[in-house]
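The values are calculated or read from the model by the stated rules, or taken from the named source; none is laboratory data. A quick note: this is a predicted structure, and the numbers were derived from the prediction, not measured. Virtual Cβ from ideal backbone geometry, glycine too; neighbours counted across all protein chains shown. Surface accessibility is based on the protein's heavy atoms, side chains included, excluding ligands, DNA and RNA. Shrake-Rupley method; radii C 1.70, N 1.55, O 1.52, S 1.80 Å.
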Amino acid sequence: MLGKKRGQNEGSIFQRKDGRWVGVLTLGWVNGTRKRRSFYGKTRKEAHEKLTAALRDQQRGLPIVGERQTLQEFLRGWLEDSVRPNVRPRTLESYAEICRLHLILTLGRLPLVKITPQHIQSLLNEKLESGLSPRRVQYIHAVIRRALGQAEKFSFVPRNVARLVDPPSVPQSEIVPFNAEESKKFLVAVEGDRLEALFVVAVGVGLRKGEVLGLYWGDIDLERQELRVRRSLQRISGQLQFVPPKTDKSRRVLGLPAFVVQALHQHRSRQLEERLRAGGSWQESDLVFTTPTGIPLDGPGVTRRLHRILDSNELRRVRFHDLRHTSASLLFFKGVDRRTIMENLGHSQINLTSNVYTHVVPELQREAARKMDDLLGTA
């Protein structure tokens, strides 16, 4: 028994039947259950040193981790203590789902300190063979790598073994936005639709879907032709919730083209008519885009409406997010500089803007060649 004063954690050392020595640190009682951490050594000295180090960590206010702490135990604490305070609710929900469905079910019972690169590689291979997409498996790898990175920082493990494993390669998704001619046809196709202004804002300004759905009339100044992005509407744990913008750069003020201002004027008049028709069933929210009774719109429903419009007008099917890509691509083609486009899109770094829109580079290069030919071709 290690010496201690009254009220301090208790430490003891004993030898098991298999000859190994064990140092046990009693941490106290939680909800009627005594909490202990065990530290193993081939000799009494080794076990004593580990136990003494744990007592020092406890006195310094550091978390105490036993050698038998499982990945499952660690992940649950990691999600609550490290992830929840630092990410958006939707990201937390996604991390928790990955941990629950893929990491805990397969590796959860393993001691944290005994997880090897082979365990991680086998997990990824198994998920690929089960039919999960390479993108999803790549995300699983990213979550376990981040979790074990935290464990390494806290000295719970000597190294982050997930860093030693390469995730599956994922082909870069081809961005297929509308060109200028298709964009004009699309704007004609949405004319008269009750959500016409929503699609016009998406193409004309380049907002994310959640940003469009989270707009309040108080965010829009039609006289000054400005729009402020302050929040996003997302479905989290089955409920629609307003969340802060994706990054600090996502909080931005954007100028509105005249055709977008006109569409919003018309939409506001249409919404006032719907409000009068709804009467007492109208749900007051000040949201720009709602159902006919004032209820916030759901993202998948908006995408389905978009696809019905495209199909009925024999236009190429695109994702809602491709309307955002369309906006940026058209600005690139008109010679708007990358920094301005980055700020319009709310990207945090200019290289992100450049990498996403590499598909416009060949056409820009051809245009540059034509301009050079105009200058020097007749020399």
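Show me the helices (runs of 4 or more DSSP H) entirely contained within the stretch 20-101 in which 2 or more residues are modelled with pLDDT of 85 or more and open to solvent by less than 80 Å² (accessible area, probe 1.4 Å). Walk me through how you get there before you give the answer.
Numbers: elements: 44-59, 71-78, 89-98.
Where helices (runs of 4 or more DSSP H) fall fully within the stretch 20-101 and carry at least 2 residues being modelled with pLDDT of 85 or more and open to solvent by less than 80 Å² (accessible area, probe 1.4 Å), they are 71-78, 89-98.
Exactly one residue out of A197, A180 is out of contact with any Gly (no Cβ under 9 Å at 6 or more places or on another chain), small (G, A, S), within 30 Å of R317 (Cβ to Cβ) and open to solvent by less than 20 Å² (accessible area, probe 1.4 Å), and it is A197.
So which of G214, G204, G218 is out of contact with any Lys or Arg (no Cβ under 7 Å at 6 or more places or on another chain) and either open to solvent by less than 30 Å² (accessible area, probe 1.4 Å) or of a type in the set (D, E, K, R) (or both)? First the steps, then the outcome.
Working: G214 fails: out of contact with any Lys or Arg (no Cβ under 7 Å at 6 or more places or on another chain); G218 fails: either open to solvent by less than 30 Å² (accessible area, probe 1.4 Å) or of a type in the set (D, E, K, R) (or both).
Selected residue: G204, the only one of G214, G204, G218 that is out of contact with any Lys or Arg (no Cβ under 7 Å at 6 or more places or on another chain) and either open to solvent by less than 30 Å² (accessible area, probe 1.4 Å) or of a type in the set (D, E, K, R) (or both).
The residue pairs whose first member lies in the stretch 175-204 and is farther than 19 Å from K334 by Cβ, whose second member is of a type outside the set (A, V, I, L, M, F, W, C) and open to solvent by less than 40 Å² (accessible area, probe 1.4 Å), and whose beta carbons are closer than 6 Å, counting only pairs six or more residues apart or on different chains, are V190/E196; A197/H267.
Filtering the stretch 286-311 to residues that are open to solvent by less than 70 Å² (accessible area, probe 1.4 Å), charged (D, E, K, R) and either more than 18 Å from L240 (Cβ to Cβ) or part of a helix (DSSP H, G or I) (or both) leaves only R305. Of everything listed in (1) out of contact with any helix residue (DSSP H, G or I) (no Cβ under 6 Å at 6 or more places or on another chain); (2) buried (at least 17 other Cβ atoms within 10 Å of the Cβ); (3) part of a helix (DSSP H, G or I); (4) not hydroxyl-bearing (S, T, Y), the single unmet condition for L132 is (3). Condition check: small (G, A, S), open to solvent by 40 Å² or more (accessible area, probe 1.4 Å) and within 21 Å of H267 (Cβ to Cβ). Does G335 satisfy that? No.
When you scan the stretch 246-257, do you find a residue that is touching a Leu at 6+ places or on another chain (Cβ under 7 Å), open to solvent by less than 20 Å² (accessible area, probe 1.4 Å) and either at pLDDT below 95 or of a type outside the set (S, T, N, Q) (or both), even just one? The answer is yes; a qualifying residue exists.
Filtered by the rule that a residue be in contact with a helix residue (DSSP H, G or I) (Cβ under 8 Å, 6 or more places away or on another chain), not β-branched (V, I, T) and not in a helix (DSSP H, G or I), the stretch 312-328 gives N313, L315, R316, R317, R319, F320. One residue stands out among those in the stretch 149-174 that are under 19 Å from the mean Cα position of the chain (by Cα) and surrounded by 13 or more Cβ atoms within 10 Å (Cβ to Cβ): the one that is farthest from L103 (Cα to Cα), which is V170.
R109 fulfils the conditions (1) without any contact (Cβ under 8 Å) to a residue 12 or more places away in the chain; (2) assigned to a loop (DSSP other than H, G, I, E, B) except for a single criterion, (1).
Of the set (1) under 30 Å from F320 (Cα atoms); (2) without any contact (Cβ under 8 Å) to a residue 12 or more places away in the chain, all apply to C99 but (2).
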